[in-house]
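Notes for the one structure printed next.
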Amino acid sequence: MTNQAERDAIAARVRSGASCANCDLFQISLAYQSVAGRNFSGARIRQADLSLATADRARFHGANMSLTNFFGARLSGADLSDTNLEGATLVGAYLGGARLTGAVLDGANLSGAELADAVGVTQAQLNTACGDATTTLPAGMTIPACGNNQ
């Protein structure tokens, strides 16, 4: 784990365009920012804010992104394989072409998310998440409805 001063310095580098594989971005705010094409594989991005961020083709393989807010984020072609998205908010996120093989979606809110063209998503993953009538899924897949507390 890194201290707050180190996290602030890392966050400043990321906001200015740096990749950050295997780094600690705990609670970073990247809302409305573009991290397209950057490498965050293995990073700790827990409880972060990536709402309305653009992360097309970004690499998050193996990252811990539990409890992260991806509201309205664009993750087209992003590598989310083997990521921890437990409890994440992906409401209205676009995941066209995103790779979700092995991703943990336990408790993730996918209401309104577009997953129809996502790669590697399984029914078992979706069974642990929730969505709504506006969630688009790969053909033949379903998702449980979110309750009032999700």
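Here are some notes:
- Considered as a group, the residues in the stretch 78-127 that are of a type in the set (S, T, N, Q) and not in a loop (DSSP other than H, G, I, E, B) include one that is surrounded by the fewest Cβ atoms within 10 Å (Cβ to Cβ), and that residue is GLN123.
- None of ARG7, ARG15 is surrounded by fewer than 15 Cβ atoms within 10 Å (Cβ to Cβ), more than 20 Å from VAL104 (Cβ to Cβ) and touching a residue at least 12 places away in the same chain (Cβ under 8 Å) except ARG15.
- From GLY62, GLY17, residue being at pLDDT 95 or above and out of contact with any helix residue (DSSP H, G or I) (no Cβ under 6 Å at 6 or more places or on another chain): GLY62
Every residue, every condition in (1) surrounded by fewer than 18 Cβ atoms within 10 Å (Cβ to Cβ); (2) in contact with a Ser or Thr (Cβ under 6 Å, 6 or more places away or on another chain), yes or no:
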residue	(1), (2)
GLY37	yes, no
PHE40	no, no
ALA43	no, no
ALA48	no, yes
SER51	no, no
HIS61	no, yes
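- Boolean, SER16 is of a type in the set (S, T, N, Q) and touching a Ser or Thr at 6+ places or on another chain (Cβ under 9 Å): no
- Residue in the stretch 131-147 that is buried (at least 18 other Cβ atoms within 10 Å of the Cβ) and within 14 Å of the chain's Cα centre (by Cα) present: no
The values are calculated or read from the model by the stated rules, or taken from the named source; none is laboratory data. Please read all numbers here as calculations on a predicted model, not as lab measurements. No Cβ is skipped: glycine too gets one built from the backbone with ideal geometry, and neighbour counts run over all protein chains shown.
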